[in-house]
Amino acid sequence: MTSFDKIQNFIDGQFVEPGGGNYLDNIEPATGKPYSLVPDSDARDVELAVAAAEKAFPGWSRTPAAERSRILLRIADLIERDLEKFAHAESIDTGKPLSLARGLDIPRASSNFRFFATAILHTENEAHVTDGVAFNYTLRQPRGVAGLISPWNLPLYLLSWKIAPAIAVGNTAVAKPSELTPMTAFLLCELCREAGLPDGVLNIVHGTGPNVGAAITEHPKISTISFTGGTMTGRKVAEAGAPLFKKISLELGGKNPNIIFADADLEAAIAGSVRSSFANQGQVCLCGSRVFVERSRYDEFVSRFKEKVSQLKLGDPLELGVDQGAIVSKTQLQKVMYYVDLARQEGGKIELGGETPLPPNERCREGYFFPPTVITNLPVSCRVNREEIFGPVITITPFESEEEVIRYANDVEYGLSSSVWTQNLSRAHRVAEQINSGTVWINCWLVRDLRVPFGGMKQSGVGREGGEEALRFFTEPKNVCIAKC
Ligand code: NDP
């Protein structure tokens, strides 16, 4: 193991060991073997990070927006410069195909910095004139130290989606990536130094949720928490933050419907559904894991969809032409297998996949692989159709009418996103209006304009981020009222 492979915390602009001196193995999912060490930090490390962030806040919050913008743009450029290095690191750390990290994750991380770096140059402040009495204007000021916690499925993509707006508007931050996928957050710190980000503006503390995540959410000097992860964890974050009246944004799980009407362009719907079902091995919170197809085209859809899915190449994530890599961890793999067994018990028919595949090569002999799995014949109300699996497993269910499928779509505790495939414009509007999810895609999936509000309804989250929503979330509006004398 080289010294590079020992990840360090980043506090006050320095790479430092965790105070307790403990490390965890960082496993490469494709091989099942440790390839680096990640700090097993605790509340003491979070304390140091908060102190550094607090110290940096007065200077950074008073830095002109143009200067903050310049530094963030430089970070964006440096990520682009190091695209290959970052993409390799992300692929090795997560098990996702290198092509996906190269084409989606890392470019998006760079775009996040670029987007918020320029957004802060174009903000406006509201003014309200109280007839003959006073003049009001709104100041939107940074809130102080922000706590940023992100999951393992899109590591740098999601962490940068929080870091960029938080620091762009003048906050300082203490961030925690998932301890399963810490590498690109570690690499980012080096680039922040190179870009000239002042010490203490961004601090990254690695470690487990119960040790580091909880210390962040409970810390009285962290006033703002942006969390992305599972619904159960989100509940703990909300419980920890509520007594301290923290401002909290929760981006949580999903069990998203993907609805194909008989009048859809089936070719496009099938191609889109293959992506929305199995991109990143189905480990995207926005994946459409419940596919509903109008009865008259159900058989045709199932057979053509299976044919397309069976062409997906599962293999070593670092190899060219691979569509499906490894599942992120052994625990996650076991969860996926548990749900496939449950589907069998619930009467499901495994149309495709469902069994552990042969290892794709010698290097990946002990990797965590599972094939794209398609299940039919399950009732809409069964557990497999209600609980988030977060893996390459989808169900397909027929429906008879628009009313029926809207009921199915909404009959879960989640409400993150949905896709609707139809050529009928009136129907598209009608259905979009009635589905309870934060995002509705019509004839597409995962088209993400960074300006739009993003978040979930019901147990998929509280609050919205993205574009203006993120700028508002990370600032405190203050009304200044001037009497008209
Ligand atoms: P988790 O909820 O397990 O973890 C998310 C983050 O929270 C991790 O960094 C984790 O650390 C940390 N954490 C764990 N316990 C605590 C705690 N008590 N206090 C504070 N932080 C804690 O989610 P996963 O990492 O398993 O990610 C998958 C989930 O994320 C899925 O449910 C998915 O739907 C959701 N997700 C939602 C998205 C959205 O935008 N709505 C986008 C992407 C994913 P550690 O890794 O150490 O456990």
Check your understanding: Among the candidates V480, V431, V412, which residue alone is within 16 Å of the ligand (Cβ to nearest atom) and touching a residue at least 60 places away in the same chain (Cβ under 8 Å)?
Key -> V412
Exercise for review: Would you check if there is a residue in the stretch 64-71 being over 19 Å from G13 (Cβ atoms) and polar (S, T, N, Q)?
Suggested key: yes
Review point. Looking at the stretch 230-276, which of its residues are aliphatic (A, V, I, L, M) and within 16 Å of the ligand (Cβ to nearest atom)?
Key: M232, V237, A238, A240, A242, L244, I248, L250, L252
Check your understanding: Out of (1) under 27 Å from G234 (Cα atoms); (2) of a type in the set (S, T, N, Q); (3) touching a residue at least 24 places away in the same chain (Cβ under 8 Å); (4) surrounded by fewer than 18 Cβ atoms within 10 Å (Cβ to Cβ), the odd one out for Q332 is which?
Key -> (4)
Review point. Among T123, T138, which is over 25 Å from L98 (Cβ atoms), in a loop (DSSP other than H, G, I, E, B), in contact (Cβ under 8 Å) with a residue 24 or more places away in the chain and out of contact with any Leu (no Cβ under 6 Å at 6 or more places or on another chain)?
Key: T123
Exercise for review: Name the residue, out of F227, F305, that is aromatic (F, W, Y) and either part of a loop (DSSP other than H, G, I, E, B) or away from the ligand (no atom under 12 Å from the Cβ) (or both).
Suggested key: F305
Check your understanding: So which of L378, L358 ends up being over 18 Å from G288 (Cα atoms) and away from the ligand (no atom under 15 Å from the Cβ)?
Key -> L358
Study note, to complete from the structure: Of (1) touching a Pro at 6+ places or on another chain (Cβ under 9 Å); (2) assigned to a loop (DSSP other than H, G, I, E, B); (3) touching a residue at least 24 places away in the same chain (Cβ under 8 Å), G354 fails just (3)
Check your understanding: Within the stretch 234-246, is even one residue surrounded by fewer than 23 Cβ atoms within 10 Å (Cβ to Cβ), in a loop (DSSP other than H, G, I, E, B) and over 16 Å from the mean Cα position of the chain (by Cα)?
Key -> yes
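Results for (1) in contact with a helix residue (DSSP H, G or I) (Cβ under 6 Å, 6 or more places away or on another chain); (2) among the aliphatic types (A, V, I, L, M); (3) closer than 22 Å to K247 by Cβ, shown as yes or no for each residue.
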| residue | (1), (2), (3) |
| --- | --- |
| V431 | no, yes, no |
| G438 | no, no, yes |
| N443 | no, no, no |
| D449 | no, no, no |
| Q459 | yes, no, yes |
| G467 | no, no, yes |
Exercise for review: Keeping to the stretch 335-355, report how many residues are within 16 Å of the ligand (Cβ to nearest atom) and either among the basic types (K, R) or surrounded by 15 or more Cβ atoms within 10 Å (Cβ to Cβ) (or both).
Suggested key: 3
Practice item. Please verify whether the stretch 196-219 includes one or more residues that are more than 30 Å from K85 (Cα to Cα), in contact with a Gly (Cβ under 6 Å, 6 or more places away or on another chain) and among the β-branched types (V, I, T). Key: yes
Review point. Mind checking whether some residue in the stretch 440-456 is more than 15 Å from the ligand (Cβ to nearest atom), over 18 Å from the mean Cα position of the chain (by Cα) and part of a loop (DSSP other than H, G, I, E, B)?
Key: yes
Point to revise | Filtered residue count, the stretch 168-218, keeping only those that are within 11 Å of the ligand (Cβ to nearest atom) and not aliphatic (A, V, I, L, M) | key: 15
Practice item. Give me the pairs, please: first residue somewhere in the stretch 101-120 and under 16 Å from V284 (Cβ atoms), second residue anywhere and crowded, with 24+ Cβ neighbours inside 10 Å and among the β-branched types (V, I, T), beta-carbon distance under 6 Å, and either six or more positions apart or on two chains. Key: A109/I79
Exercise for review: Mind counting the residues in the stretch 141-159 that are of a type outside the set (S, T, N, Q), within 16 Å of the ligand (Cβ to nearest atom) and not in a strand (DSSP E or B)?
Suggested key: 8
Point to revise | The listed residue being modelled with pLDDT of 95 or more and buried (at least 22 other Cβ atoms within 10 Å of the Cβ), out of G209, G196, G254, G230 | key: G254
Exercise for review: Determine the pairs where a residue that is closer than 18 Å to T208 by Cβ and touching a residue at least 40 places away in the same chain (Cβ under 8 Å), located within the stretch 231-246, has a partner that is of a type in the set (V, I, T) and more than 9 Å from the ligand (Cβ to nearest atom) with Cβ atoms under 7 Å apart, the partner being 6 or more residues away or on another chain.
Suggested key: V237/I248
Exercise for review: Considering only the stretch 285-299, state which residues are part of a strand (DSSP E or B) and either at pLDDT below 95 or among the aliphatic types (A, V, I, L, M) (or both).
Suggested key: V291, V293
Review point. If you check T373 against the conditions, is it in contact with a Leu (Cβ under 6 Å, 6 or more places away or on another chain) and within 30 Å of V322 (Cβ to Cβ)?
Key: no
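The values are calculated or read from the model by the stated rules, or taken from the named source; none is laboratory data. Keep in mind that what you see is a predicted model, and the values were worked out from it rather than measured. Glycine gets a Cβ as well: all are built from the backbone with ideal geometry, and neighbour counts include every protein chain shown.
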